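For reference, the structure is listed below as structure tokens.
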Amino acid sequence: MDRKIIGIGETIMDIIFKNGQPTAAVPGGSVFNSVISLGRLGQTVTFISETGNDRVGRIILDFLKDNGVNNENVCVYYDGRTPISLAWLNENNDAEYEFYKNYPKARLDVIWPRVERNDIVIMGSYFVLNPVLRSKVLEFLRYAKEREAIIYYDFNFRDNHKGEAMKLYPDILENLEFSDIVRGSTEDILNMFGDDNPDRIYEKEVDFYCKNMICTDGGKNVHLISPVVHKDYPVKDIKTVSTIGAGDNFNAGIIFGLVKENITKDNIQHMTEEQWDRIIRCAIDFSSHVCQSLHNSISKEYAQNYLAKQQQPTLFE
């Protein structure tokens, strides 16, 4: 099956600090990091976003293209600057952020890419809840739903927005209604719903709208709830360098696994435990790899090796 993966989210330049000193500058953004990994894995990927007509913006556009991601649906604005984040790594190599943004008044002025049945849309973070962008995001989600795409929603709802959770609650539920799979960390669901217990949140907030929920918890187990499977998965015990792209590449692993398992709109509510096992394993692999570098996505070399391993019957069997 020839299918596309379409991401919608922000672009940003991450400047990473360790021990008070800048150590790397990496193009980023939550969904951006996911689509870069998927592009490196040879998938057909398109990204919907916006960036400034400045040096940073041009670096980001080139970075997308160089990694196999179609950038034709990225709005390039002239009245404003591409956002920059300062990511300060603590002793556990978790990041605390400071953002510098100068957006224009007109936002996300793009033509939507064509969506076909069983294409996969990945969305997430504050970008898809932002009141300034909400009408445009809804327009695209309605189109994708109408075209019968699979929609994957990553909450990625951070501390700096938890004060807005009540105001954004109707939009969060609306996003859930569009979604076929939702993924969030325990921090995300605590910030959004005031409870970090994934089973309670699934029962109270998610189940009515979306039947497949994955909850991650840093270095602890991955928790899966679906119509068929309710299971915990252990993560790898690794030495982390940076956790910046961990969740984003977990998402990339889920999407890659869905493609390789040929999961469609017809069977996504009936995925077996064996299918979920292989998909979650892929997500943990990608997330673990990224945590061992200062890069936001899996490396090209890792992607090539991973693709080569597909020929071995033990990976997706």
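Out of all the residues in the stretch 220-241, is one or more in contact (Cβ under 8 Å) with a residue 60 or more places away in the chain and within 24 Å of Asp119 (Cβ to Cβ)? Checking the stretch 220-241: not a single residue is in contact (Cβ under 8 Å) with a residue 60 or more places away in the chain and within 24 Å of Asp119 (Cβ to Cβ). Screening Leu176, Leu190, Leu168 for residues that are free of Cβ contacts under 8 Å to residues at least 60 places away in the same chain and more than 26 Å from Ala87 (Cα to Cα) leaves exactly one candidate, Leu176. Here Phe63 meets the list (1) touching a residue at least 40 places away in the same chain (Cβ under 8 Å); (2) of a type in the set (Phe, Trp, Tyr); (3) within 28 Å of Glu301 (Cα to Cα) almost entirely, failing just condition (1).
The selection criterion, being of a type outside the set (Val, Ile, Thr), surrounded by fewer than 24 Cβ atoms within 10 Å (Cβ to Cβ) and in contact with a helix residue (DSSP H, G or I) (Cβ under 9 Å, 6 or more places away or on another chain), does not hold for Gln21.
Note on the stretch 240-290: residues that are closer than 28 Å to Asn93 by Cβ and assigned to a helix (DSSP H, G or I) amount to 24.
Scanning the stretch 255-270 for any residue that is within 25 Å of Ser30 (Cβ to Cβ) and either free of Cβ contacts under 8 Å to residues at least 40 places away in the same chain or among the small types (Gly, Ala, Ser) (or both) turns up at least one such residue. For Asp237, the conditions (1) farther than 22 Å from Asn175 by Cβ; (2) surrounded by 21 or more Cβ atoms within 10 Å (Cβ to Cβ) all hold with the exception of (2).
Cβ-Cβ distances below 9 Å connect the following pairs, each with a first residue in the stretch 124-151 that is on the phi > 0 side of the Ramachandran plot and modelled with pLDDT of 95 or more, a second residue that is assigned to a loop (DSSP other than H, G, I, E, B) and among the β-branched types (Val, Ile, Thr), and a separation of six or more residues or different chains: Glu148/Val115.
For the stretch 24-37, the count of residues that are of a type in the set (Phe, Trp, Tyr) and modelled with pLDDT of 95 or more is at least one.
Residue by residue, here is whether (1) touching a Ser or Thr at 6+ places or on another chain (Cβ under 7 Å); (2) crowded, with 17+ Cβ neighbours inside 10 Å holds:
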residue: Asn67; (1), (2): no, yes
residue: Asn70; (1), (2): yes, yes
residue: Tyr78; (1), (2): no, no
residue: Arg81; (1), (2): no, yes
residue: Leu89; (1), (2): yes, yes
residue: Ala106; (1), (2): no, no
residue: Ile120; (1), (2): no, yes
residue: Arg134; (1), (2): no, no
residue: Phe157; (1), (2): no, yes
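The values are calculated or read from the model by the stated rules, or taken from the named source; none is laboratory data. All figures in this text were calculated on a predicted structure; none of them were measured in a lab. Quick reminder, even Gly has a Cβ in these numbers, built from the backbone with ideal geometry, and neighbours come from all protein chains shown.
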